[in-house]
Amino acid sequence: MTEKRVLNPAALPQPSGYSHVVEAQAGRTLYISGQIALDAAGQLVGAGDVAAQAEQVFANLAAALEAAGASFAHVVKLTYFLTDIAQIAAVRTVRDRYINTEQPPASSAVEVRRLVRGDLLIEIEAIAIV
């Protein structure tokens, strides 16, 4: 388990589903490239369905973390890229099955016009400290 401390300063608005600051002890840092809704065979999962795509993306992140000897307990930062930011609630529902919701990682969410393929609705990248 990563030694980390979550800080939500009183001078900032109360966060909902993320932490303003995550302090991690020095360790091995993992930078996980943006993951998209492609399965191991390279096939799109969840055409037109952001929740189904988010499920595949989080499964891909889990596989990447596991390959490096880590888990979502080690994640200190998530960055979301969505083609429709109004869908963030559906993404958070999926996310909450993977992260510690009591001490969530820091995060950013950005609406983008398009991802690398027109049929993709979401991409997520992660930073973890092991």
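The values are calculated or read from the model by the stated rules, or taken from the named source; none is laboratory data. On a predicted model such as this, the values are computed, not experimentally measured, just so you know. Here the Cβ is made from the backbone with ideal geometry for all residues, glycine too, and neighbour counts use every protein chain on show.
Screening R113 on (1) touching a strand residue (DSSP E or B) at 6+ places or on another chain (Cβ under 7 Å); (2) not in a strand (DSSP E or B) shows it passes everything except condition (1). Here Q103 passes the criteria (1) modelled with pLDDT of 95 or more; (2) exposed (fewer than 15 other Cβ atoms within 10 Å of the Cβ); (3) not hydroxyl-bearing (S, T, Y) except the one numbered (1). Would you call E55 among the acidic types (D, E), in contact with a helix residue (DSSP H, G or I) (Cβ under 6 Å, 6 or more places away or on another chain) and more than 18 Å from V22 (Cβ to Cβ)? Considered against the rule, which asks whether it is among the acidic types (D, E), in contact with a helix residue (DSSP H, G or I) (Cβ under 6 Å, 6 or more places away or on another chain) and more than 18 Å from V22 (Cβ to Cβ), E55 comes out as yes.
Residues L78, L82: which one is among the hydrophobic types (A, V, I, L, M, F, W, C), in contact with a Ser or Thr (Cβ under 6 Å, 6 or more places away or on another chain), under 19 Å from E125 (Cβ atoms) and modelled with pLDDT of 90 or more? Show your work before the answer.
Numbers: L82 fails: in contact with a Ser or Thr (Cβ under 6 Å, 6 or more places away or on another chain).
Just one listed residue meets the conditions, L78.
The residues listed here are A51, A10, A40; of these, the one that is surrounded by fewer than 11 Cβ atoms within 10 Å (Cβ to Cβ), of a type in the set (A, V, I, L, M, F, W, C) and within 20 Å of the chain's Cα centre (by Cα) is A40.
In summary, Q25 fulfils each of the numbered conditions (1) within 14 Å of A128 (Cβ to Cβ); (2) surrounded by 11 or more Cβ atoms within 10 Å (Cβ to Cβ) with the single exception of condition (2). Restricting the search to strands (runs of 3 or more DSSP E) fully inside the stretch 1-104 and requiring at least 2 residues that are touching a residue at least 12 places away in the same chain (Cβ under 8 Å) and under 24 Å from R117 (Cβ atoms) gives 29-35, 75-82.
Per-residue answers, yes or no, for (1) within 17 Å of E123 (Cβ to Cβ); (2) aliphatic (A, V, I, L, M):
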position	(1), (2)
G48	yes, no
Q56	yes, no
A62	yes, yes
E102	no, no
